[in-house]
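To start, the structure under review is shown below, and the notes come after it.
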Amino acid sequence: MASWKNLDTLQSFQELQKMENNVRLTEVMAGESGAARVAKYTVPMAGGLSYHYAAKKVDDTILSKLADLAKEAELTEKFAELYNGAVINTGEKRLVLHQLTRGQLGNPVIADGVDKFEFYKAQQKKIAEFAAKVHSGEITNEKGETFTTVVQIGIGGSDLGPRAIYLALENWAAANGLKKMDAKFISNVDPDDAVAVLNSVDVSRSLFIVVSKSGTTLETLTNELFVKDALEKAGLDVSKHMLAVTSETSPMAKNSGYLAAFFMDDYIGGRYSSSSAVGGAVLSLAFGPEVFARFLDGMAAEDKLATEQDPLKNPAMLDALIGVYERNILGYAVTALLPYSQALSRFPAHLQQADMESNGKSVNRFGEPVNYKTGPVLFGEPGTNGQHSFYQLLHQGTDIIPLQFIGFKKSQTEKDVEVQGSTSQIKLGANVAAQMVAFACGKQDENPNKNFDGDRPSSFIIGEQLTPEACGALLSHFENKIMFQGFLWNVNSFDQEGVQLGKVLAKRVLAHDTDGALKAFSDLLGI
Ligand code: F6P
C-alpha cells in the first residue's frame, strides 16, 4: 500500500526547494543550444503525438530530482492502486474507474458484485447497436423518417468533454465521409440556450439525450422539460425522441419514458466521463461507434504510457511534475492551454473543469489543511486568435504564466489556400513556432515598452493530425496529468464539495427563503 503524504513532507521536495534554478530560457533556448534542447527534451505519446519540454525551466539536475520526487511520492504505485480498484476518492468513498472504460490496466475490478470492465464494455456495445439502428433507419421517428440530429442535454462533465470531442472530430469525420449526424448541446439553465438550439434543429428529426450521472442536476432536469415541452407543442411523441445516460441508482434510471437508457456509475467522475456512455452515446450517434472506438484506443494507449515508472518515458507524469515544480517552487499561479487547432476550441473549457474541479482544494485527502499551493488557474483559447487578444499580458505582463501549446502538422481536411507563398496550415505552424521562441528568448530593446524579457516557459504537444486516436491520447494525457498532480499535492482529485454551497443558496432563493445580501441580490433580479 502506498503512503499518502503531504508534498512538503517529502525529502525530494525539500531538496528541490533548496536548489537554485539557473535555467535561463533566454540563454539555453538561443542558437544551437536551443536546437539541441528541442531534440533532447521530448517524449513520445500515443496517437502520433509527442510531448516537448525544451522550453521549460528545467535541466538534467532538476529533472533527476523530479524523478526522485515521483518515486518518493509513489506515483506509479498510487496509479496502480487506483486502476486495481482501491477507494481513491476518499471524500465520497468511491473507486475511481474512468480508465477502465477504455481498457483494463490491472486486475479485474469487481465492485457491487459486478466486473466493472465488462459492465462498461456492455454499455458501449448497447450504444453501438442502438446507433447502428438509428443510422440504418431501423429506428426512426413516428413518420418513418431518419433522425438527422442528436442533442445532448447535460452540464459540467455531462457536457464539456463530449462537446469538446465532438467539435474536435466533426470536420475530420466529415472530410473522411464518417459524419452520420449533427450534434448539438444544451447545458445552461438560461432559456436562451435551449431556445437557440431548438431553433437551429428540426425537432421532429432529432434525438435528445438527457445526460446526468446523478439524475438530480437542476439545469439538466429543467432543460429536459424545456425540450419535452417543445416536442409536445410540435405534436410529437416525446418518448420516441428522448434517451437517457445516467447511473443505475439515479432517479432518472427509474423513468421508463425514454426510448433507450445507457448507464455509467458513481465510479466515473463527471469530468472524467467522456470515455463512458456520457461521451459514448452522442459521439457514436454523430460519428459511428467505430470512430468512438478509435478514440478509446487512443486513450487506452496513452493510459498505458502513464503506468511507466520513469517520468522521462511517461509524458503525463513528467508534465505533472514540471507543473508542480512551476506551481510550488517557481510560484506560478496560472497556466494557459493554447491549442493551435480550431477543432480544439472547447478543449480549454473542458480542461478548466477537469483540472480546476479536481485540484482546486485546500485540504488534503484526510481533510487537513495543506501549507502549499495546489491547482493553478487554467484558461485558454485557440491560437492564433489568442495572439490577437491576451498574449500581450503573456509576453509583457507582470506575471509569468506557463503555457501549454498544442499543434498538428496537417489540418483535418484537404482544403487549404496559398497566400503570399504559404498555406493557412503552414502559417498556423509558423505562428506556434514563433511564439514558443518569442516567449523563451524574448528580445532586448532600448525602448522598455518594446522590450521582451523572455524566460517565459512553455511546453508543446505536437501531432501529425487531429484524428480520433490523437484526440483520445490528448484527453488521457491531461486526465492522467491531473491525477498525478493530485497525488503529489495529496488532495482528493475526485470529489467537488466546492460546488455545493452555491447550489444550496440558489435553492433558498428559489424557495424565497432569503435574508440580508441574498435577499437584496434576489430583489435586484426581480425574484
Ligand atoms: O456541480 C458540479 C457537478 O457535480 C459536476 O462535477 C458534474 O460534472 C456536473 O455537476 C453534472 O453532474 P450530473 O452528471 O450528475 O448531472
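The values are calculated or read from the model by the stated rules, or taken from the named source; none is laboratory data. Here the structure is a predicted model, which is why all the values come from computation and not from measurement. Neighbour counts run over all protein chains shown; Cβ positions are idealised from the backbone, glycine included. To get the accessible areas, we keep the full protein, side chains included, count just its heavy atoms, and leave off ligands, DNA and RNA. Shrake-Rupley method; radii C 1.70, N 1.55, O 1.52, S 1.80 Å.
The table that follows gives values for the structure above.
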{"item": "Residues of segment 479-513 that turn out to be part of a helix (DSSP H, G or I), open to solvent by less than 50 Å² (accessible area, probe 1.4 Å) and more than 16 Å from the ligand (Cβ to nearest atom), as a count", "result": "8"}
{"item": "Qualifying positions in segment 475-527 - without any contact (Cβ under 8 Å) to a residue 24 or more places away in the chain and closer than 17 Å to K361 by Cβ", "result": "Q500, L501, G502"}
{"item": "Any chance A301 is out of contact with any helix residue (DSSP H, G or I) (no Cβ under 6 Å at 6 or more places or on another chain), over 30 Å from S389 (Cβ atoms) and open to solvent by 10 Å² or more (accessible area, probe 1.4 Å)", "result": "yes"}
{"item": "For D266: the one exception among (1) in contact with a Lys or Arg (Cβ under 6 Å, 6 or more places away or on another chain); (2) in a helix (DSSP H, G or I); (3) within 11 Å of the ligand (Cβ to nearest atom)", "result": "(2)"}
{"item": "Test: residue in segment 63-72 that is within 16 Å of the ligand (Cβ to nearest atom) and of a type outside the set (F, W, Y)", "result": "no"}
{"item": "Residues within segment 426-448 that are open to solvent by less than 50 Å² (accessible area, probe 1.4 Å) and in contact with a strand residue (DSSP E or B) (Cβ under 6 Å, 6 or more places away or on another chain), tallied", "result": "5"}
{"item": "Some residue of segment 263-271 being farther than 25 Å from P468 by Cβ and at pLDDT 95 or above", "result": "yes"}
{"item": "Residue tally, condition under 18 Å from G331 (Cβ atoms) and either outside the structural domain of K481 (by TED's automatic domain parsing) or of a type outside the set (G, A, S) (or both), over segment 356-378", "result": "9"}
{"item": "Segments classed as helices (runs of 4 or more DSSP H), wholly inside segment 8-117, with at least 2 members that are in contact (Cβ under 8 Å) with a residue 60 or more places away in the chain", "result": "11-18, 25-28, 60-72, 75-83"}
{"item": "Any pair with Cβ under 7 angstrom, 6 or more apart, that starts in segment 457-472 at a residue that is not assigned by TED's automatic domain parsing to the domain that holds G161 and ends at one that is open to solvent by 10 Å² or more (accessible area, probe 1.4 Å) and modelled with pLDDT under 95", "result": "none"}
{"item": "Options T398, T423, T413: the member that is modelled with pLDDT under 95 and either more than 30 Å from K71 (Cα to Cα) or open to solvent by 10 Å² or more (accessible area, probe 1.4 Å) (or both)", "result": "T413"}
{"item": "All helices (runs of 4 or more DSSP H) inside segment 154-259 with 3 or more residues being more than 16 Å from the ligand (Cβ to nearest atom) and open to solvent by less than 10 Å² (accessible area, probe 1.4 Å)", "result": "160-175"}
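Residues are listed down the side, and each one gets a yes or a no for (1) in a helix (DSSP H, G or I); (2) assigned by TED's automatic domain parsing to the domain that holds A80:
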{"position": "S275", "(1), (2)": "no, no"}
{"position": "V278", "(1), (2)": "yes, no"}
{"position": "Q309", "(1), (2)": "no, yes"}
{"position": "L318", "(1), (2)": "yes, yes"}
{"position": "G323", "(1), (2)": "yes, yes"}
{"position": "E326", "(1), (2)": "yes, yes"}
{"position": "L338", "(1), (2)": "no, yes"}
